[in-house]
Amino acid sequence: MAEFIKIGNEITVKPKLEGISYELINNKVYDLEYDRMQGRSYLKENGDLNMPKKLYELEEDNKFIKRVLDYFNSENSGKTTGILLAGTKGTGKTMLSKRIALESNLPIIIVANDYPANKLTSFFKHFTTPVVVMFDEIEKNSYWWETKDLLGFLDGVEATSKKLVLMTCNKTDEIDDNFFDRCSRVRYFKEYEANSNSVFVRYMAEDKGVKNIDEVVNFIIEHMEVKSFDNISAFLDEVVLFEDIPLDKLAKDMNLSLNGVIRTGTSNSNDDEEDLF
């Protein structure tokens, strides 16, 4: 067996590799990690994306997904197509990111939070297989890299295969300004408001078997400041479990920001204070 390999005029010792040939599998999830001791990047199989049993969809989101994928699969798209999804935790940006990834029908690579950003380009420039690359909460990794460190990767100058890069963030003001108004880096930007999921409240209440639906739905829409899926679902669970407790008392003891509900502190008095609306 030959001990050397020749590329052009260069001859080097043939690397000793163990293992078998492997092709990335569509819709399968891989974690991108970095071994700092050996200075190497590698992928690790990680099953499938976690999706809820019940998926609440906005027609607006469905159209957005179709538009993103139509562009990515077109002849006009570049090697790297960036999508930034922003908004309060639990408003649906991560779920939308997952839906785009799955509907792309490509291998899905999730970048570890501690992966060095300056290694991204060198790793992916060896790819010929189109892939989805996912970053979650990109503004939260400042210990390892700042968002500006991603700009070179998003420029895709050395890219050899098409990449659909999906990024989420909670606060856009913590992201480098050069992310914005540069469609060659981030072509699509979608921001969720705190009440983006109000339209789903009634459907979620029906699915959870809430009895006094009108009262509960009106309470949530009127008094819950951050109507994320997490908050709506948690409150509805409390409503079903503790039917004998008034809605205002249920809400004020939960970790929710409320409009028109006065929280009462610990008091030495045995008298219950009234909740005001």
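No lab work stands behind these numbers, since they all come straight from the coordinates. Small disclaimer: the values here were computed from a predicted structure and weren't measured. Note that we place each Cβ from the backbone using ideal geometry, even for glycine, and neighbour counts take in every protein chain shown.
A Förster radius of 45 Å, combined with the Cβ-Cβ distance separating Asn76 from Val240, puts the computed FRET efficiency at roughly 0.35. Close amide H pairs (under 5 Å, H built 1.01 Å from N) link Ile110 with Tyr30, Asp31, Leu32, Met134, residues at least 5 positions away or on another chain. With the simple model of a label 7 Å out from the Cα in the direction of the Cβ, Glu60 to Asn178 spans 3.2 nm. In percent, rounded to a whole number, the relative contact order of segment 175-256 is 28, using alpha-carbon pairs under 8 Å and six or more apart. Listed values for segment 18-34 are Karplus-derived 3J(HN,Hα) couplings in whole Hz (6.51 cos²θ - 1.76 cosθ + 1.60, θ = phi - 60°), namely 10, x, 10, 4, 9, 10, 4, 9, 4, 6, 7, 9, 10, 8, 9, 10, 9, and x replaces Gly and Pro. Per residue, the chain reaches -7500 deg cm²/dmol at 222 nm when only DSSP H runs of four or more residues are counted, each adding -39500 (n - 2.57). Dipole of the chain computed with +1 at Lys/Arg Cβ and -1 at Asp/Glu Cβ about the Cα centre; of Ile110, Ser228, Tyr143, farthest Cα towards the positive end is Ile110.
Each residue, Asn212 and Tyr22, gets one label point 7 Å from its Cα in the Cβ direction; the gap between the two is 5.6 nm. When you filter the GluC sites (Glu not before Pro) in segment 39-129 for DSSP loop state and at most 16 other Cβ atoms inside 10 Å of their Cβ, you are left with Glu57, Glu75. If R0 is 41 Å, the Cβ-Cβ spacing of Asn259 and Ala112 corresponds to a FRET efficiency of close to 0.60. Here the Karplus curve 6.51 cos²θ - 1.76 cosθ + 1.60, taken at θ = phi - 60°, turns the phi angles of segment 120-135 into couplings of 4, 4, 5, 6, 7, 6, 8, 7, 10, 8, x, 9, 9, 10, 10, 10 Hz, with x standing for Gly and Pro.
The simple spin-label model puts a point 7 Å past each Cα toward its Cβ; for Tyr143 and Glu158 those points are separated by 2.7 nm. Looking at the chain, the DSSP beta bridges with both ends there are about 30 percent antiparallel. Relative contact order for the chain: 18 percent, from Cα pairs under 8 Å spaced at least 6 residues apart, divided by residue count.
Taking square-rooted eigenvalues a ≥ b ≥ c of the alpha carbon gyration tensor, is segment 100-176 rounded, prolate or oblate, where a/c under 1.5 means rounded and, failing that, a/b exceeding b/c means prolate? Taking the square roots of the gyration eigenvalues as a ≥ b ≥ c, segment 100-176 is oblate. Taking every DSSP beta bridge that has both ends in segment 1-155, the antiparallel portion is near 60%. Annotation note: chymotrypsin sites (Phe, Trp or Tyr not before Pro) in segment 126-169 located in DSSP loop regions with a Cβ neighbour count of at most 11 within 10 Å are Tyr143. Distant-in-sequence amide contacts of Met224, defined by a placed amide H-H separation under 5 Å and a gap of 5 or more residues or a different chain, comprise Asn259.
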